[in-house]
Amino acid sequence: MTLPIVALPIHTERLLLRPLTEADAADVYEYQSLPEIVRYLPWPVRDRAESREHTLKRAGFTHIQNDDDLLILAAELPGGGGVAGRVIGDMSVFLKSVEHRQVAIGWVFHPDFHGRGFATEAARATLAFAFDEVGAHRVFAEVDPRNEASVALCLRLGMRLEATFVESEFFKGEWSGLCVYAILRSEWAPE
Ligand SMILES: CC(C)(COP(=O)(O)OP(=O)(O)OC[C@H]1O[C@@H](n2cnc3c(N)ncnc32)[C@H](O)[C@@H]1OP(=O)(O)O)[C@@H](O)C(=O)NCCC(=O)NCCS
């Protein structure tokens, strides 16, 4: 596995993807504080202080080299004319196994920016990062099947449904299922 930090930041058509920092806490709070946004995430609704603490913790994950390393990429919508950019969402990149070159990704975006392809744009760039820089053989996402927007995103990315677990978790007070969507390097970039 190669160390990918040199490959950051990533510029997409409309976004800048770069490691999350402490300075992003206020922007992250804007979406971490919304019940509809955390509904399918293993996160509570956080108040400002809790969200800041969480961002500080996640900003400390700066290497993706060993099993269980995690990197959080802030999706920044660059400001124009000297205006600071705004973090409108973030992508998680988990290195699940170095030996087996398995990487999991996750995503969350502020609802003001849903429905415009920002998550797709960020996720495509994150997939490229996982394959080309982290050296993944397979990238997967774990999604609650009721999370239609996330399922649709997996499918837009070309991920296949690999597994469906039924009522496999007691999550936020109810039985919930889990779907695993995945894509292989050979499917991402056929030889
Ligand atoms: C999952 C999540 C990121 C998806 O957001 P999204 O807005 O549906 O995804 P995108 O930003 O890629 O936008 C796609 C939509 O924009 C449209 N779109 C417009 N321009 C587009 C473009 N250039 N490229 C792709 N889609 C575009 C698509 O047609 C699609 O519309 P539809 O929803 O009517 O089908 C969002 O619902 C979210 O943050 N959820 C809460 C957190 C969460 O549950 N995370 C996942 C846990 S597993």
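Miscellaneous remarks
- When the chain is treated as a Gaussian network with alpha carbon springs shorter than 10 Å, the biggest mean-square fluctuation among 80, 158, 115 belongs to 80.
- If the convex hull is drawn through the Cα atoms of the range 1-101, its volume per residue in Å³: 120
- P(r) of the chain over all Cα-Cα pairs, binned every 5 Å from zero, in whole percent: 1, 8, 16, 20, 21, 19, 10, 4, 1, 0, 0
- Considering only 27, 132, 112, the Gaussian network model of the chain with Cα springs below 10 Å gives its largest mean-square fluctuation to 112.
- A Cα-only calculation for the range 123-191 places Rg and Dmax at 13.4, 46 Å.
- Taking the centroid of alpha carbons for each part, the range 55-87 and the range 146-173 are 25 Å apart.
- Charge tally around residue 134: other residues with Cβ under 10 Å, Lys/Arg +1 each, Asp/Glu -1 each, net -2.
- Rounded to the nearest 20 debye, the dipole size of the chain about its Cα centre is 260 debye, using +1 on the Cβ of Lys and Arg and -1 on the Cβ of Asp and Glu.
Readers should treat all values here as calculations from the given coordinates under stated rules, not as data from a laboratory. Nothing here was measured: the structure is a model prediction, and the numbers come from that model. So basically every Cβ, Gly included, is an ideal-geometry build from the backbone, and we count neighbours across all protein chains shown.
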